Amino acid sequence: MERPELEFFNSLSGTLEIELNNPANPVAGLLNLSADSDAKITAVRLAPEVFVDSTNDFRPLSEAELASTAYLVSSIRLRGEFRDTTVDHEATERMTREKTKWLGGVDVHHIFFEGLHPDEDGNWVIQWGS
């Protein structure tokens, strides 16, 4: 299913900031982080950015870009990292991320926004990379 109106939206970058009641820990000298098995999410934020080829750097979105519509529909069904849960609003990661598991706890490692993509059921999957 092609959605050209999502081209700009899916070209955005951003890191999901996940706050836990117990801080995540580095994994054996790697860049990976792991959460304790009993850690709970206290806040989730995403600050989207645009990559600028001419400066080889990122910039924040303009007011016009923040106010633009990426996909003009009355509602959208989203799935996050936890593939069995679909929600009907923008709080997808806040509602589903605690169900994910990565190295024994909440997945705090896959946090780089990689776009929205449709699945075979008509839902949209939020892609997060590491």
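The values are calculated or read from the model by the stated rules, or taken from the named source; none is laboratory data. Keep in mind the model is a prediction, meaning the values are calculated, not measured. Because the Cβ atoms are built from the backbone with ideal geometry, glycine has one as well, and the counts that use them run over all protein chains shown. Surface areas here come from the heavy atoms of the whole protein model, side chains and all, with no ligands, DNA or RNA. Shrake-Rupley method; radii C 1.70, N 1.55, O 1.52, S 1.80 Å.
Pop out the carbon and sulfur fraction of the accessible area of the chain as a percent, whole number, probe 1.4 Å.
Values: 4210 of 8120 Å².
Answer for the chain is 52 percent, counting heavy atoms of protein chains only.
Per residue, the stretch 4-129 exposes an accessible area of 61 Å² to a 1.4 Å probe, with every protein chain left in place. Taking the DSSP beta bridges with both ends in the chain, the antiparallel portion is around 90 percent. How would you classify the stretch 23-83 from its alpha-carbon gyration tensor, with a ≥ b ≥ c the square roots of the eigenvalues: rounded for a/c under 1.5, else prolate if a/b is greater than b/c, otherwise oblate? Note, shape of the stretch 23-83 comes out oblate. Between Leu30, Leu72, Leu103, the GNM of the chain built on Cα springs shorter than 10 angstrom shows Leu30 fluctuating the most. Under a model in which nothing but the beta-carbon of Lys, Arg (+1) and Asp, Glu (-1) is charged, the stretch 4-129 shows a dipole of about 380 debye around its Cα centre. Treating r as the C-beta distance of Glu49 and Lys101 and R0 as 35 Å, the FRET efficiency rounds to 0.80. In the elastic network of the chain, a GNM with C-alpha springs shorter than 10 Å, the most mobile of Ala47, Ala35, Ala67 is Ala67.
The Rg/Rh ratio of the chain, with both radii computed over alpha carbons and Rh defined as the Kirkwood radius, is 0.98.
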